[in-house]
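Engineer: Here it is, the structure in full.
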Amino acid sequence: MRIILASSSPRRRELMKYITSDFDAVSLDCDESLPENIPAVEASAYLAGVKAEAAAAKYTDCIVIGCDTTVICDNEVLGKPKDQEQCRKYMKMLSGRTHQVVTGCTLIYRSFKRTFSVITDVTFRELTDSEIDLYAASDEPYDKAGGYGIQGKGALLIERINGDFYNVVGLPVSRLNVELKNFYNSIKGE
């Protein structure tokens, strides 16, 4: 059965290859605005569902996987920074503190749907203003939730993580592998 990964993220596409090389990745335009008053911890699961539903409408006979990753600090979702000023603000918020990275995943095949989230705690070390400025001046932060990439130079900012490393990169590989197998078995058993 054909698998569709509804993601434009090159990191997710690369990580999906750990599970299977037999998938197609697609980018879709869909409304990614969050409903008012949605709890921060539920935002990624909601957006994963939006992405999966959009792809499932187009790829009706495929297993569709939608994913979204959010970085949460002080119960606030930190998106992709729009400029250096916002990136510096995020880095100052995260400096010396623990925050949560939540990746929501939604699997859809016809009337079958399964959504789950994985949470990883990430602790930044105390950052100096010059470290923050140097990181914000790089190209790395601007296409990543929370403004950092743990798989790149952002690794230099991190003191420790508690949970799935790949979840912080953008795809909880181990959990998704298990969920995908169970989902496939549910479909076969219709």
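Engineer: Among the numbered criteria (1) in contact with a helix residue (DSSP H, G or I) (Cβ under 6 Å, 6 or more places away or on another chain); (2) open to solvent by less than 10 Å² (accessible area, probe 1.4 Å); (3) not acidic (Asp, Glu), which single criterion is violated by His99?
Structural biologist: (1)
Engineer: Which residues, counting only those in the range 102-126, are open to solvent by 40 Å² or more (accessible area, probe 1.4 Å) and closer than 30 Å to Ile65 by Cα?
Structural biologist: Arg110, Ser111, Phe112, Lys113, Arg114, Thr115, Ser117, Ile119, Asp121
Engineer: Then there's this: I'd like the full set of residues that are assigned to a loop (DSSP other than H, G, I, E, B) and buried (at least 20 other Cβ atoms within 10 Å of the Cβ), limited to the range 6-57.
Structural biologist: Keep residues of the range 6-57 that are assigned to a loop (DSSP other than H, G, I, E, B), which gives 7-9, 20-23, 27-39.
If the condition is that a residue be assigned to a loop (DSSP other than H, G, I, E, B) and buried (at least 20 other Cβ atoms within 10 Å of the Cβ), then Ser7, Ser9 are the ones that fit.
Engineer: Quick one: Ile65 ticks every box in (1) surrounded by 15 or more Cβ atoms within 10 Å (Cβ to Cβ); (2) without any contact (Cβ under 8 Å) to a residue 12 or more places away in the chain bar one, so which box is it?
Structural biologist: (2)
Engineer: Free of Cβ contacts under 8 Å to residues at least 40 places away in the same chain, within 18 Å of Ser8 (Cα to Cα) and charged (D, E, K, R), is that true of Asp74? Step through it out loud before you land on a result.
Structural biologist: Numbers: free of Cβ contacts under 8 Å to residues at least 40 places away in the same chain: yes; within 18 Å of Ser8 (Cα to Cα): no; charged (D, E, K, R): yes.
Spelling it out, it is not the case that Asp74 is free of Cβ contacts under 8 Å to residues at least 40 places away in the same chain, within 18 Å of Ser8 (Cα to Cα) and charged (D, E, K, R).
Engineer: Restricting the range 127-171 to residues that are touching a strand residue (DSSP E or B) at 6+ places or on another chain (Cβ under 7 Å) and closer than 21 Å to Met16 by Cα, which is surrounded by the fewest Cβ atoms within 10 Å (Cβ to Cβ)?
Structural biologist: By that ranking, first place goes to Gly163.
Engineer: Also: Which of the helices (runs of 4 or more DSSP H) contained wholly in the range 82-175 include at least 2 residues that are aromatic (Phe, Trp, Tyr) and within 21 Å of the chain's Cα centre (by Cα)?
Structural biologist: Here the list reads 165-169.
The values are calculated or read from the model by the stated rules, or taken from the named source; none is laboratory data. Predicted, not measured: the structure shown is a model, and the values here were computed from it. Reconstructed Cβ throughout: ideal geometry from the backbone, glycine too, with neighbour counts over all protein chains shown. SASA here: full protein model, heavy atoms, side chains in, ligands and nucleic acids out. Shrake-Rupley method; radii C 1.70, N 1.55, O 1.52, S 1.80 Å.
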